[in-house]
């Protein structure tokens with residue numbers, strides 16, 4: 001009897017110690033009245049986003065090539081690169097309902113505060129939400145805290161219809177369409193106007209999504225023949241630098257090599273205003 005008592009006492013102390021040292025659970029979810037699915041469209045993808053208060057946001061992303069992905073952007077300071085598990089559970093109004101394969105993925109690609117899950121987990125999440133289930137995201141920050149964020153399926157059916165309609169209007173991005181991009185400048189200027197920035201933003205978005213095989217980006221500046229050849233070489237270089245700087249500001253990570261051809265590689269004769277306008281350019285070349 002004395003041995004049993006000591007064993008029971010030891011077990012009690014182990015349980016007590018475990019409960020003392022167990023990391024607390026921090027749970028995040030949007031109140032039912034605040035659940036919203038926001039559609040954001042771009043040239044190459046459509047995103048369906050849900051904000052989770054104090055945690056971050058999740059995005060179901062459909063690309064023009066048909067690829068689906070699921071992304072989680074976590075609030076600064078709440079995520080430190082830990083493995084994140086993606087699961088499905090029954091919604092509060094589905095007590096006891098089976099959800100099939102509940103564990104969808106045990107980890108995703110990580111980039112700072114952003115976690116990405118690929119095609120298979122993303123489609124499983126989409127199917128689960130369409131059935132009314134919830135998705136959960138779980139990870140542990142050492143012994144400090146266990147984190148759980150909940151993705152609600154409220155209003156998802158209508159939102160999914162909007163996502164699919166948006167995706168139907170996307171066109172697949174072809175490398176040939178972006179291999180060479182030309183942008184033009186005002187006389188004597190290296191300033192990027194709104195039209196040029198729109199084209200470069202689109203190019204940067206292409207590189208972010210589809211540029212995995214692009215090894216080098218080259219920006220080559222050109223001018224008309226107004227002014228001296230020496231001055232035009234410098235102007236061409238400033239134009240190439242301005243384009244390279246803007247691409248980097250838009251998240252382009254490939255090495256960018258800049259060059260100037262000054263006035264020596266015209267596309268058209270400089271005798272006319274139209275010809276000079278065509279020659280005031282930067283060519284952006286993608287090299288695989």
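The values are calculated or read from the model by the stated rules, or taken from the named source; none is laboratory data. Predicted model only: the values in this text are computed from it and were never measured. Glycine gets a Cβ as well: all are built from the backbone with ideal geometry, and neighbour counts include every protein chain shown.
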Inset, instruction - Consider only pairs whose beta carbons are under 7 Å apart and that are at least six residues apart or on different chains; among these, list those whose first residue lies in region 145-163 and is at positive phi and whose second residue is part of a strand (DSSP E or B). - result: none
Inset, instruction - Determine if region 102-119 includes at least one residue that is within 16 Å of residue 151 (Cβ to Cβ), assigned to a loop (DSSP other than H, G, I, E, B) and touching a residue at least 12 places away in the same chain (Cβ under 8 Å). - result: yes
Legend entry - Qualifying residue in region 67-76 (condition: more than 27 Å from residue 23 (Cβ to Cβ), modelled with pLDDT of 90 or more, surrounded by 16 or more Cβ atoms within 10 Å (Cβ to Cβ) and in contact with a helix residue (DSSP H, G or I) (Cβ under 6 Å, 6 or more places away or on another chain)): yes
Inset, instruction - Could you please let me know if residue 213 is under 20 Å from the mean Cα position of the chain (by Cα) and either over 30 Å from residue 41 (Cα atoms) or at pLDDT 95 or above (or both)? - result: no
Legend entry - Odd one out for residue 156, checked against (1) in the same structural domain as residue 79 (by TED's automatic domain parsing); (2) surrounded by fewer than 20 Cβ atoms within 10 Å (Cβ to Cβ): (2)
Inset, instruction - Look through region 244-259, keep the residues that are in contact (Cβ under 8 Å) with a residue 24 or more places away in the chain and in a helix (DSSP H, G or I), and return whichever of them is farthest from residue 185 (Cα to Cα). - result: 247
Inset, instruction - Tell me, please, whether a residue that is at pLDDT 90 or above and surrounded by 14 or more Cβ atoms within 10 Å (Cβ to Cβ) can be found in region 103-112. - result: no
Inset, instruction - State which residue pairs qualify: first residue under 11 Å from residue 222 (Cβ atoms) and inside region 260-274, second residue assigned to a loop (DSSP other than H, G, I, E, B) in any location, beta carbons under 8 Å apart, and separation of 6 or more residues or different chains. - result: 262/223; 263/223; 263/224; 263/225; 263/270; 266/224; 266/225
